[in-house]
Protein chains: 2
Amino acid sequence: MPKTQPASKAIQMAERLCRERGVRLTNQRRDVLAAISASTRPLGAYDIMEALREKQPKIAPPTVYRALDFLQAEGLVHKLESLHAYVGCQHPDHPHFSQFLICNDCGDVDELHSAGVTGSLDDAAHARGFEPDHRTIEVVGRCARCLAQGSKPAP
Amino acid sequence: MPKTQPASKAIQMAERLCRERGVRLTNQRRDVLAAISASTRPLGAYDIMEALREKQPKIAPPTVYRALDFLQAEGLVHKLESLHAYVGCQHPDHPHFSQFLICNDCGDVDELHSAGVTGSLDDAAHARGFEPDHRTIEVVGRCARCLAQGSKPAP
DNA sequence: TCCTGCAATGTTATAATGTAACAAATCGTG
DNA sequence: CACGATTTGTTACATTATAACATTGCAGGA
């Protein structure tokens with residue numbers, strides 16, 4: 001079950017959250033979020049650059065990375081470390097820790113928020129006297145749809 | 001609590017496991033494993049290259065990456081996605097899924113094997129009909145030692 | 001032993017991802 | 001409008017990783 005949120009909704013939500021938080025969702029940042037939200041797949045920073053090149057032919061990497069840094073800090077996008085790519089957050093309106101299910105076959109990504117996972121991980125960390133700050137939890141495998149049809153739709 | 005296993009032990013274990021499995025722990029691969037095992041910190045691929053340059057002045061990236069691919073496939077080293085770096089596996093002799101605690105201050109890495117974490121994550125995945133293959137579970141924060149002394153020993 | 005086939009390594013070049021450093025523009029505010 | 005702070009532009013480069021093809025080395029059978 002990939003991508004529930006339509007792009008326009010994601011932007012609206014981001015507008016509201018940034019307004020409430022007193023931070024600026026500039027055009028640049030909105031455009032980057034829009035590109036990510038419009039995609040059914042995780043986008044790399046350079047994919048995003050390509051997507052924005054239509055509007056901004058001279059866009060350079062630092063611009064994209066800066067926008068991504070902002071969006072991540074505000075919890076509006078997540079980075080998938082194992083793909084070097086970015087996805088829109090499905091529930092940016094409340095704080096949470098996410099886990100990601102990444103399908104090897106179709107490339108779709110599903111965002112989970114399992115309290116059990118976060119809880120047991122933090123428990124295990126605390127048992128070693130470790131104080132968690134940021135968590136990266138990603139599972140690569142096959143999604144329900146691809147398991148069902150047994151094919152490899154998108155390489 | 002970082003790095004329990006001395007490098008020589010790690011090599012011995014790797015020798016044995018590879019023999020049992022009928023795969024070849026070549027000099028190249030052993031040297032890479034040795035470099036990783038000798039370090040108290042995760043090493044990047046290019047760090048490993050530097051470490052091997054003494055013995056092999058002309059070593060190139062593909063050599064290192066190929067050895068790393070092999071060692072990962074055999075469960076002898078793990079890749080830390082959030083650091084783009086590699087550590088030796090602390091328990092290569094039996095199959096397991098690991099979680100990593102990465103200290104922001106001192107850079108040390110602790111390898112966990114919490115059945116609870118793996119179990120709850122796989123449960124959450126299965127609840128979505130997802131079949132897990134590979135898991136990346138990394139926690140960045142502060143380790144017990146750094147919390148205790150409140151300083152930042154190693155940048 | 002020698003050949004042969006496959007696995008491993010060497011070599012060159014380049015792709016993909018990410019950042020440093022400083023200049024210019026823009027925004028909100030007094 | 002002028003000011004300071006934030007944001008963006010721009011150039012150059014650092015870091016991580018892989019493609020492609022040549023060469024070497026190793027094991028097993030003729």
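All of the numbers you see were taken from the coordinates with simple rules; none came from a lab. Since this is a predicted model, take the numbers as computed values, not measurements. FYI the Cβ positions are ideal-geometry reconstructions off the backbone, even for glycines, and counts take in every protein chain you see.
Things to note:
- Of the cross-linked pairs A:LYS55/B:LYS79; A:LYS58/B:LYS58; A:LYS79/B:LYS79; B:LYS58/B:LYS79; A:LYS55/A:LYS79, those separated by over 27 Å at the C-alpha level are A:LYS55/B:LYS79; A:LYS58/B:LYS58.
- Between the alpha-carbon centres of the stretch B:91-155 and the stretch B:7-72 there is a gap of 23 Å.
- If R0 is taken as 30 Å, the Cβ-Cβ distance between B:LEU147 and B:VAL23 corresponds to a FRET efficiency of 0.15.
- For B:LEU112, the amide hydrogen comes within under 5 Å of the amide hydrogens of B:GLN99, B:PHE100, B:LEU101, counting only partners 5 or more places away or on other chains and with H modelled in the peptide plane.
- Excluding exposed DSSP-loop trypsin sites (Lys or Arg not before Pro) (at most 14 other C-beta within 10 Å), longest clean stretch of chain B: B:59-127
- For the protein assembly as shown, the mean residue ellipticity at 222 nm estimated from helices alone is -13500 deg cm²/dmol, where every DSSP H run of n ≥ 4 contributes -39500 (n - 2.57) and the total is divided by all residues, rounded to the nearest 500.
- Here B:ASP133 yields copy-to-copy label distances, from shortest upward, of 3.3 nm, the label point defined as 7 Å from Cα along Cα to C-beta.
- Chain A - share of DSSP beta bridges that are antiparallel (%, nearest 5): 70 percent
- For the residues of B:117-123, the average number of beta carbons from a partner chain within 10 Å of their own beta carbon is 6.
- Gyration tensor over alpha-carbon atoms, chain A, equivalent ellipsoid semi-axes in Å: 26, 22, 14
- The residue in chain A that lies nearest, by its beta carbon, to the axis linking chain A with chain B is given here with the distance in whole angstrom as A:GLU81, 2.
- Between B:ALA60 and B:ASN104, residue separation times 0.36 nm minus the direct Cα-Cα distance comes to 12.8 nm.
- Across B:GLN56, B:GLN99, B:GLN28, mean-square fluctuation computed from a Gaussian network of chain B (C-alpha pairs under 10 Å connected) peaks at B:GLN56.
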